[in-house]
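Q: Input: one structure, supplied below.
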Amino acid sequence: MSTRIGIEQIQVGMVIDKPIYKHNGVLLIPRQTTITPRVQQLLKEYLVEYIDIEEKAAMPIATSTEAIKETEAFKVFDQGMLATTENLKSTLSHVAHTDEALDVQTLVAEVDNLFKKADNNIQLLDMMYCMRSYDDLTYTHSVNVALMCHIMGRWLGLSEEDMQVLSLCGLLHDVGKVDIPQEIITKPGRLTKEEFDVIKEHPVKGYKILEKQAIDERIKAAACMHHEKCDGTGYPKGLKGEQIDDFAKIVTIIDVYDAMTANRIYRKGMCPFKVVEALIDEGFEKYDPKYLLLFLERITETYINKPVRLSNGQEGNIVMINKNDLSHPIIQIGNEYINLSIHKQITIEAIL
């Protein structure tokens, strides 16, 4: 059974029951397509007046995030993430407490296999964002950072060899946390000064774990330097600018972005556009601008066509990124457009 509804009634998550054709008879959208913001846009562009949806799907999934979670691609990716995370945890714990050589080829292959579970960068980032409802502890976070480092490597036009090294920099950057008490890492509240001092030991601990491994020196540098800042305010050594390895600079940016957007035991993850704004506000002194700008420009572009909820309670779709004001895109609500770079009292509260 199907239900015919007008174009103004469609919602993300509904399932199209009958194929939709262009005026020239060419198939536009096949049957059994789940409606996403991109499908909504296509329907509007081709002036489709009504569609037939599956009756059982007449009640839409609440958000596009929930729609993605229902896809087979996400379920496969989800299982891959869990397996990779468990393998990483086991591998790093073993390497940290033995003299055994690190099997970097296996680690590279695991990240590469995860990467290949998505058709493109946007789908991969969408699926990673859908995992924000999970508690991202050390190892899940490390896999996330590795995947985004791989994407960043592509954006930078790195060679395949350098992309693998950068991915490993992301995967192993927090290896030192293996030797940090779990009750501190998972504490559901603000750390004391003494506890934070213990956490701050993990870059040095990480370097010591990797020091004797026959791996690229940039991987060791990332473990040691990923909390250094270009203005010298980081730790453990207070390095500045060119004293910090380039791959470590990239990992630092991605590490902060993933940590701030992820859910933790003690707080909910921030909206990506609030994180982008925070990084822009303080970033050009603390982070290398050539890497920060590229990352923020490309990461915000991946949210085009995504549904959002605004601080005034309205919901709409991101239709354009303001290149000169990345945290304030243009939002379409019905037939109206709101340029958040002009209406700065309105902010994006959540990606839906």
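Q: Looking only at segment 304-322, how many residues end up being of a type outside the set (A, V, I, L, M, F, W, C), in contact with a helix residue (DSSP H, G or I) (Cβ under 7 Å, 6 or more places away or on another chain) and closer than 20 Å to TRP155 by Cβ? Steps first, answer last, please.
A: Of all residues in segment 304-322, those of a type outside the set (A, V, I, L, M, F, W, C) come to 305-307, 309, 311-317, 322.
When the remaining residues are screened for being in contact with a helix residue (DSSP H, G or I) (Cβ under 7 Å, 6 or more places away or on another chain), the result is 305-307, 317.
Then drop every residue that is not closer than 20 Å to TRP155 by Cβ, which leaves 305-306.
Of the residues in segment 304-322, 2 are of a type outside the set (A, V, I, L, M, F, W, C), in contact with a helix residue (DSSP H, G or I) (Cβ under 7 Å, 6 or more places away or on another chain) and closer than 20 Å to TRP155 by Cβ.
Q: Still on this structure, please answer the following. Which pairs turn up if I take residues in segment 240-265 that are free of Cβ contacts under 8 Å to residues at least 60 places away in the same chain and look for partners that are assigned to a helix (DSSP H, G or I) and surrounded by 24 or more Cβ atoms within 10 Å (Cβ to Cβ) with beta carbon separation below 7 Å, at least 6 apart in sequence or on another chain?
A: Sorted first by the residue in segment 240-265, then by its partner, the pairs are ILE244/MET225; ASP245/ALA222; ASP245/MET225.
Q: Any residue in segment 213-227 that is basic (Lys, Arg), buried (at least 16 other Cβ atoms within 10 Å of the Cβ) and under 18 Å from LEU293 (Cα atoms)?
A: The answer is no; no qualifying residue exists.
Q: Check off (1) in contact with a Leu (Cβ under 7 Å, 6 or more places away or on another chain); (2) modelled with pLDDT under 90; (3) among the aromatic types (Phe, Trp, Tyr) for PHE247 and give me the number that stays unchecked.
A: (2)
Q: Can you pull out the residues in segment 159-186 that are open to solvent by 50 Å² or more (accessible area, probe 1.4 Å) and either more than 26 Å from THR91 (Cα to Cα) or basic (Lys, Arg) (or both)?
A: Listed by number, the list holds a single entry, SER159.
Q: Tell me the strands (runs of 3 or more DSSP E) entirely within segment 1-101 that contain at least 1 residues that are under 27 Å from MET127 (Cα atoms).
A: Of the strands (runs of 3 or more DSSP E) lying wholly inside segment 1-101, those with at least 1 residues that are under 27 Å from MET127 (Cα atoms) span 27-29, 50-54.
Q: Within the set of pairs 6 or more residues apart or between chains, which connect a residue that is more than 12 Å from VAL256 (Cα to Cα) inside segment 270-281 to a residue that is open to solvent by less than 50 Å² (accessible area, probe 1.4 Å) and of a type in the set (Val, Ile, Thr) with Cβ atoms less than 7 Å apart?
A: CYS271/ILE348; CYS271/ILE351; PHE273/ILE348
Q: On the basis of being surrounded by fewer than 14 Cβ atoms within 10 Å (Cβ to Cβ) and among the small types (Gly, Ala, Ser), does SER90 make the cut?
A: So SER90 passes the test.
Q: Further, regarding this structure: So the check is Cβ under 9 Å with 6+ separation or different chains; which pairs have a first residue in segment 204-220 that's under 19 Å from LYS249 (Cα atoms) and assigned to a loop (DSSP other than H, G, I, E, B) and a second one that's among the aromatic types (Phe, Trp, Tyr) and open to solvent by less than 60 Å² (accessible area, probe 1.4 Å)?
A: Hits for this filter: ASP216/PHE247.
Q: Can you confirm whether PHE284 is more than 16 Å from TRP155 (Cβ to Cβ) and open to solvent by 40 Å² or more (accessible area, probe 1.4 Å)?
A: So PHE284 passes the test.
Q: Out of ASP119, ASP103, ASP126, report the one residue that is among the acidic types (Asp, Glu) and either under 15 Å from GLY170 (Cα atoms) or buried (at least 19 other Cβ atoms within 10 Å of the Cβ) (or both).
A: Working: ASP119 fails: either under 15 Å from GLY170 (Cα atoms) or buried (at least 19 other Cβ atoms within 10 Å of the Cβ) (or both); ASP103 fails: either under 15 Å from GLY170 (Cα atoms) or buried (at least 19 other Cβ atoms within 10 Å of the Cβ) (or both).
Matching residue, one of ASP119, ASP103, ASP126: ASP126.
Q: Name the single residue, out of those in segment 333-352 being open to solvent by 30 Å² or more (accessible area, probe 1.4 Å) and not in a loop (DSSP other than H, G, I, E, B), that is nearest to VAL275 (Cα to Cα).
A: The selected residue is GLU349.
This table checks each residue for (1) touching a residue at least 12 places away in the same chain (Cβ under 8 Å); (2) more than 25 Å from the chain's Cα centre (by Cα); (3) open to solvent by 30 Å² or more (accessible area, probe 1.4 Å).
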residue: ARG4; (1), (2), (3): yes, yes, yes
residue: ILE7; (1), (2), (3): yes, yes, yes
residue: VAL15; (1), (2), (3): yes, yes, no
residue: PRO19; (1), (2), (3): yes, yes, yes
residue: GLY25; (1), (2), (3): no, yes, yes
residue: THR36; (1), (2), (3): yes, no, yes
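The values are calculated or read from the model by the stated rules, or taken from the named source; none is laboratory data. All figures in this text were calculated on a predicted structure; none of them were measured in a lab. For neighbour counting, all protein chains shown are included, and Cβ atoms are generated from backbone atoms with ideal geometry for every residue, glycine included. The protein model used for the area step is the full one, side chains on, heavy atoms only, and it has no ligands, DNA or RNA in it. Shrake-Rupley method; radii C 1.70, N 1.55, O 1.52, S 1.80 Å.
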